Amino acid sequence: MRQKRFVREIAEMKQRTILLSFVVAVIFFVLLVRLWHLQILSAEDYRNMSENNRLRFVPIAASRGAIMDRNGTVMVSNQPSFSLAVIPQEVKDKDALLDQLSSLLDLDRAELAERWAKSMGRAKYYPIVLASNISRDQVEIIEENRLRLPGVDIEMKPVREYKGGIIASHLLGYISEVSEDDLNSQGFSDYNPGDYVGKNGIERSFESELHGSDGGRQLEVDARGRVLRTISESNPVVGNSVVLTIDSTIQKKAEKAFGEQAGAAVAMDVNSGEILAFVSNPGFDPSLFSGKMPPDIWKSYLEDKRRPLENKALTGQYPPGSTFKIITALAGLENHKIDDDRTTVNCTGSYKVGTSTFKCWNKKGHGTTNLKKSLRESCDVFYYQVGGNVGVDHIAATAKKFMLGASLGIGLKNEKSGLIPTTEWKQKRFGKRWIYGETMPVAIGQGYVLMTPIQLASMISTVANEGTIYRPMLVKRIVDADGKTIKAFTPEKMGSTGISADKFKLIKQGLYAVVNEPGGTGGAARVGEIKIAGKTGTSQVVKLRDSKQGTPYQYRDHALFVAFAPYDNPQIAVAVVVEHGEHGGSAAAPIAGRIIQAWLDSKKPPQKTPMPQSDDDEEEEDGQQTKEDVTVKGTND
Amino acid sequence: MIDRRLLTNIDWMLACLVLAICLLGILNIYSATTSYKIIGSPFYIKQIYWMTFGIGIALVLCTIDYHLLEDFSFWMYGFILVLLVAVLIFGRRSMGATRWLNLGLFNVQPSELMKLVIIITFARFFNNYHSAGGMSVKDVLPPLGILAVPVILIMKQPDLGTATLVALIAISMMFYVGLRWSTVVSFVLVTIPMFWVGWTYFLHPYQKNRVLDFINPERSRLGSGYHIIQSKIAVGSGGLAGKGFIKGTQTQLRFLPEQHTDFAFSVFAEEWGFVGCLVLIVIYLSLVLWGLNIARRCNDRFGSLLAMGVTAMLFWHIVINMGMVIGMFPVVGVPMPFFSYGGTSMITSMVGIGILQNISMRRFMF
C-alpha cells in the first residue's frame, strides 16, 4: 500500500482529464472536418486528378544499324512501319474492342486475341502490339476512330529493308519478333515482346552491335490515353552498322550467274581471306520474316527441292569430287610418291584393286599420264594409284594441313566442318577397319570426304597464295551512326600448310592447264583478259550403273569448280558448287568465270564489259566407277 | 502469481479497441501491398506476427505491478541515454540517418524506446513534485532539462519526428501536472527564438525542405512535395464511400510513397472513403478518451501520470500521422499506431497498451 500524498495535486490532475478529453475531441473533429473537405467537398476534383494521374512509359525503339558492303553500298537499312498496339489496363471491354478492330481494319480476330493473351502479365500500362506492319490506310482508320477506341495506340517502328531483295539473303539473314523462349533467357533482359531480333546470318551474329538501345518517354496521360505532358525522355541509341567484306556488285552478278540452278559460291581475297561474294542459290526474301509471312510463300520455300532456306555455302557439305585431287596430288608430292612431272601412271581406263575395278571417267584411258596431265584431264586412275600408294591417313594429313575437316570459324551460326576420313575415324565411327579399296574414292574426293563451299574456297585460296590459310572474313568494320569506325577486323592467318612453294608451283601449273590448255576440263571458265587456273569436280549423289540422259533431278551429280586468278599474281579465289549440275566443267566453271569477270569489272568501275559467253563445254566424267565390295556414296547434305 | 481479482478487472474496452484497429490495419496492409513483388512472407502476415508478439508482451507486462516501474525509472532513463549516445557513435546507417543499434541478436531503435522511458521518467519525477496551483517557470526548468538531453540526442541522428514526439509527450504530461498561465506565456515567448535557432543550426536540408514543401506543396511537385500531393489525391479521390477494397488506383498504381507504413491511412481513406475514415477516427478517439478515463480513474498520482503519458503518446502519433497524410502537417516519419506496418511501432504501442491495461486492472487495488 503506497502512501497517499499530494491529494490536492491529484485532484487537480483528474479535473484536467475532462479538459483534455474536450481538447482531444476538438482536434479529432478538426481532422474530420479536413477529411470532409477533401473527401466530400473536393472529392470530384481529386477523383479527376487521380484518374488523370497516370504515368506511362512509352518505349522508343532504337533504329537498327545498317549493313553495308565493302564499298559502303547499303544492303540493309530501315523504313518506317506502323503497328497497332493496345494498353490492356485502359480497355474496358476487351471483346467489344477486338470486334471493332477486326471489322474496322479487316484483321483476323482470333489472331488479335491470341497476341493479346500472349503478352499479358508484362508490366502494367505497357502497350501490347496486336498487329505489326499495318498499312497506312489502316493507320488512317484508327486515327479517325481514335476516340471510340480508348487504349488503342499506333506505334511507329523502323522496319528492315533489304535493298537487294533476295540478294545475299542467307548471308544477311533476317530479323523477326523475339520469341518467348528468348525473352525468358539470359541476355534478353532489354527486350520486350514485339521487339525484333536477328534470327540468322549477319543479323543474328551481330545482333548486339546492330540492335542499339531503346529509349523511352515517361508520359503523364489521362484516363483516355491522351498525353498530358512528357515528364522525362531518354533518346534511343541507333545501332551500329556492319560493313561487310562482300562486294555487292560481284554478289549480284554471281547470283545471277546461277540462274535457276541450286548451289553455292564463295569468292575470297587470296591474300586476306576477305569474302567478296557469298552465294547460296536460290535465295529467299528476308523482309517476309519480319512481317507476316504469306503462307503460300512459306509453303513454297519448304517444298522447293532446291531448299531456298538453307545456307548452302555455310552448311552444305558436298563430296569435293575431283577438286580434291589437289590434296591427293600434294599428298603424293609430300610423301615422295610423285616426283614432279616425271612420275607417270599409265591409264587404261580402269584400275583394279583386288576384286574391285575403279573406272576412269574416260573409258578409253588417258595413256601415259603425269601430274600436270592428270590435273588437266582429271585422270582418275592416276589418283587411284597415287592415293593407294600414299594411303588414306597421309591424304588426310595433307588435308589437315589445309585445315579441312574442321569449321573455319567464319562467325555465322551452323557452320559445318566437313569430313576428312582416316582409318582411326572409321574405327571410331563404324567400329570397322579401313579397307584398302576405300582409299581410291577418297583420292578422287568421293567416298566419305565432305567439304563445304567455304572450305573449297579456302583450299583453292591456300593453293593460290602457296600455303597461307586465312580465316574467311565476312565483316570488315563496325561503324557507328556517324560512320566512325568502332571496331575494325584485320585479316587473320590461321596457319600455314608448311608445304614448300615448288610443290604448289607444280599444282598451279596443272590448274592453269585445266583452264587454258587443249584437253583441259575447265576451259569454260576462261574470260578474255585474265589468266585463270582452276579445277573441275563432279561428285556423285548416288551410284548409277548407267548414267543416261533424263536422270531425275535429285539423282544428278553435283558440279564443282574451284579457281583462282590471275594465275601469275593470284588475288581472287572462287569455289562454285552447282547442285545436280552434272558436270563441273559445263555447269560450275562458267559461273566461276563470271564471278572472276565481275571482280575484274569492279577493279575498273567506269568501263562496261560485256558478259563473257564461253559455252565451249568440254565433256568430263570423273568418278564413275563400278565395284562390287566398295560402297561409294556421295552425299549432298 | 497474478491475483485472481485482476483477471476479473481486465479492461475489455481497451483490448477491443486496440484489436479492432489492428485488424483494420492488417486488412489495409494487405491491400496496400498487393501490387508489391514480395520475397518471403507478405507484409500483412508479418504484421500479424508483430501483433501477436506485441499482445504477448502486453500480457506479460500486465502481470507486473506498474509501481515497480517507479523504482527503475531513472535507471532506465540513464540506460537509454547511453544507448542514444552509442547510436551516434556505433549506429547502423539507413536511409541517411543513424537510428538503429545492433545488439547482436536484434536491432533496436533507442529513440523509439525513449518515448516510453520519458513517460515513466516524468511520471516518477512529477509523482513527488509540489505543483499545487500550477508550476511556475522555475518549476518547469528541471523537467525541461530531463527532456532536453534525449531530444537533442535524437535530433542529432537526425530523427525530427521522434524528437518532436518525445517533446510533445513530455510537454503534454507537464500540462497534465499543471502549469501557470505565466509559465505557458513565457514558454511560448522562449520557443519562438528557439525555433529560429533550430532552423538555422539543427535542421538538415531535407527537413527544411519538408517544412517548406508543407507550406507550399507546389514548390516541388516531383520532389518531397510529391508525397503530400499524391496522398491528398488518394484521400480526396476516395470520396464518401471509397473506391473499394484493393481498388484504389493511387495505391495499386503505387503513386503513394511508403503506402504500407507511414501512408497506410491514405490507402485506407482512398479505398474506404469518408465513411471508413469516420469509423477509424471514432475508434481512435474512443481509444484516446478511454486512456484519459483510465488516467482519471487511477487513484495514485504515478499511475495516473503514466496512463496520461501513454495516452498522449498514442494521441500525438495519430494526430501527426493523420495530419501528414491529409496535408495538415509536414511529412515526418511518424507511423499510425497499430495501423501502419512495422514491428517497432507495434511493439512500442503494445507496451503502452500493456501499461494502460496494467493501471486499469489495478484501479480498485489499494
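The values are calculated or read from the model by the stated rules, or taken from the named source; none is laboratory data. Note that the structure is a prediction, hence the values are computed from the model and not measured. Glycine also receives a Cβ, built like all others from the backbone with ideal geometry; neighbour counts cover every protein chain displayed. Areas reflect the complete protein model, heavy atoms only, side chains present, ligands, DNA and RNA absent. Shrake-Rupley method; radii C 1.70, N 1.55, O 1.52, S 1.80 Å.
The mean number of partner chain beta-carbon atoms within 10 angstrom of a residue's beta-carbon across peptide B:323-335 is 1.
In the stretch A:56-244, inverting the average of 1/r over every pair of distinct C-alpha atoms gives 17.8 Å as the Kirkwood radius. Within the shell defined by Cβ-Cβ distances under 13 Å, the residues around A:Arg342 carry a net charge of 0, with Lys and Arg each +1 and Asp and Glu each -1. Database remark: amide H of A:Glu161 closer than 5 angstrom to the amide H of A:Ser77, A:Asn78, A:Gln79 (H placed geometrically; neighbours at sequence offset of 5 or more, or on other chains; Pro and chain starts carry no H).
Residues of the stretch B:147-188 whose accessible area (probe 1.4 Å, heavy atoms of protein chains only) drops by at least 10 Å² once all protein chains are present, relative to their chain alone: B:Phe175, B:Tyr176, B:Val177, B:Gly178.
Once the dipole of chain B is set up with Lys and Arg at +1 and Asp and Glu at -1 on Cβ about the Cα centre, which of B:Ser349, B:Ile146, B:Asn209 lies farthest towards its positive end? Checking the options against the dipole of chain B, the answer is B:Asn209. Normalised by the number of residues in the stretch A:425-571, the average gap of Cα pairs under 8 Å and 6 or more apart makes the relative contact order 17 percent. Temperature 10 °C, viscosity 1.306 mPa s: under these conditions the Stokes-Einstein estimate for the stretch A:151-308, based on its Kirkwood radius over C-alpha pairs, is 86 µm² per second. The largest-to-smallest principal axis extents of the Cα set in chain B are 56, 53, 44 Å. Would you please state the base-10 log of I(q)/I(0) at q = 0.11, 0.12, 0.15 1/Å for the stretch A:341-437, with intensities from the Debye formula using one equal scatterer on every alpha carbon? Those come out to -0.45, -0.53, -0.76, one per q. Three principal axis extents describe the C-alpha atoms of the stretch B:135-208; from largest down they are 37, 20, 16 Å. Over all distinct Cα-Cα pairs of the protein assembly as shown, the Kirkwood formula returns a hydrodynamic radius of 36.0 Å. Given the pairs A:Lys163/A:Lys413; A:Lys364/A:Lys535; A:Lys325/A:Lys432; A:Lys253/A:Lys493; A:Lys252/A:Lys305; A:Lys325/A:Lys400, which are separated by over 19 angstrom at their Cα positions? Beyond 19 Å between Cα atoms: A:Lys163/A:Lys413; A:Lys364/A:Lys535; A:Lys325/A:Lys432; A:Lys253/A:Lys493; A:Lys252/A:Lys305.
Computed over every Cα-Cα pair of the stretch A:124-197 and binned at 10 Å starting from 0, the pair-distance distribution P(r) comes out as 15, 35, 32, 16, 2 percent.
Placing +1 on the Cβ of every Lys and Arg and -1 on the Cβ of every Asp and Glu, with nothing else charged, gives the stretch A:56-244 a dipole about its Cα centre of roughly 320 debye.
Shielding by partners for peptide A:413-423, expressed as the average number of C-beta atoms from other protein chains within 10 Å of each residue's C-beta, is 0.
Ranked by the mean number of other Cβ atoms within 10 Å of their residues, highest first, the peptides B:235-244, A:356-365, B:130-139 fall in the order B:235-244, A:356-365, B:130-139. Can you name the helices of chain A, as whole DSSP H runs, whose Cα span along the helix axis is 24 Å or more and whose Kyte-Doolittle mean is not below -1.0? Length and hydropathy pass: A:7-36. Listed by chain and number, the lysines whose alpha-carbon sits under 26 Å from that of A:Lys94, ignoring those within fewer than 8 places in the same chain, are A:Lys118, A:Lys124, A:Lys157, A:Lys292, B:Lys243, B:Lys247.
The label-point distance for B:Trp196 and A:Lys256, in a model that sets each label 7 Å from Cα toward Cβ, rounds to 9.3 nm. Across the options A:Val237, A:Ala559, A:Leu112, the greatest Cα extent toward the positive end of the charge dipole of chain A (unit charges at beta carbon of Lys, Arg, Asp, Glu) belongs to A:Val237. With the biggest extent put first, the Cα atoms of the stretch A:558-604 measure 34, 18, 12 Å across the principal axes. Once B binds A, the 1.4 Å probe can no longer reach about 4500 Å² of accessible area, counting both sides. Relative contact order of chain A, taken over Cα pairs closer than 8 Å and 6 or more residues apart, is 14 percent.
Report the longest stretch of chain A that contains none of the GluC sites (Glu not before Pro) sitting in a DSSP loop with at most 11 other Cβ atoms within 10 Å. Spell out each step's value before the answer.
Numbers: sites that count: A:Glu260, A:Glu529, A:Glu619, A:Glu628.
Between exposed loop sites, the widest span is A:261-528.
Entry comment: accessible area of the protein assembly as shown is 43 Å² per residue, from protein heavy atoms only and a probe of 1.4 Å. For A:Thr73, the accessible surface of its heavy atoms amounts to roughly 70 Å² (probe 1.4 Å, protein chains only, rounded to the nearest 10).
Accessible surface of A:Lys252, taken over heavy atoms with a 1.4 Å probe and every protein chain present, rounds to 110 Å². Pairwise alpha-carbon distances in the stretch A:383-452 exceed 13 Å for 64% of all pairs.
Using per-residue counts of other Cβ atoms within 10 Å, averaged over each peptide, order B:343-354, A:446-457, B:184-195 from highest down.
Numbers: B:343-354: 22.8, A:446-457: 27.9, B:184-195: 11.1.
Highest-to-lowest ranking by the protection proxy: A:446-457, B:343-354, B:184-195.
Among the protein heavy atoms of the protein assembly as shown, carbon and sulfur supply 57% of the accessible surface, probe 1.4 Å, non-protein parts ignored.
Give me the Kirkwood hydrodynamic radius of the stretch B:256-323 in Å, from all C-alpha pairs, to one decimal place?
Values: mean 1/r = 0.0756 Å⁻¹.
Result for the stretch B:256-323 stands at 13.2 Å.
Given in Å, the Rg to one decimal and the Dmax to the nearest whole number for the Cα atoms of the stretch A:410-523 are 19.2, 62.
Straight-distance candidates among the lysines for linking to B:Lys208, with alpha-carbon spacing under 26 Å and chain neighbours fewer than 8 residues away dropped: B:Lys115, B:Lys156, B:Lys232.
Please compute the average number of Cβ atoms from other chains found within 10 Å of each residue's Cβ in peptide B:284-295. Let's see the in-between values first.
Values: counts 3, 8, 0, 0, 6, 7, 1, 4, 9, 2, 1, 6.
Per-residue shielding by partner chains comes out at 4.
Think of chain B as a dipole: +1 on every Lys or Arg Cβ, -1 on every Asp or Glu Cβ, centred on the Cα centre; then among B:Leu116, B:Leu278, B:Ile80, B:Leu278 lies furthest on the positive end. Among the protein heavy atoms, those of B:Trp272 account for about 90 Å² of accessible surface (1.4 Å probe, every chain in place). Note on the stretch B:9-88: Cα Rg divided by 2.2 N^0.38 Å, N the number of residues, gives 1.53.
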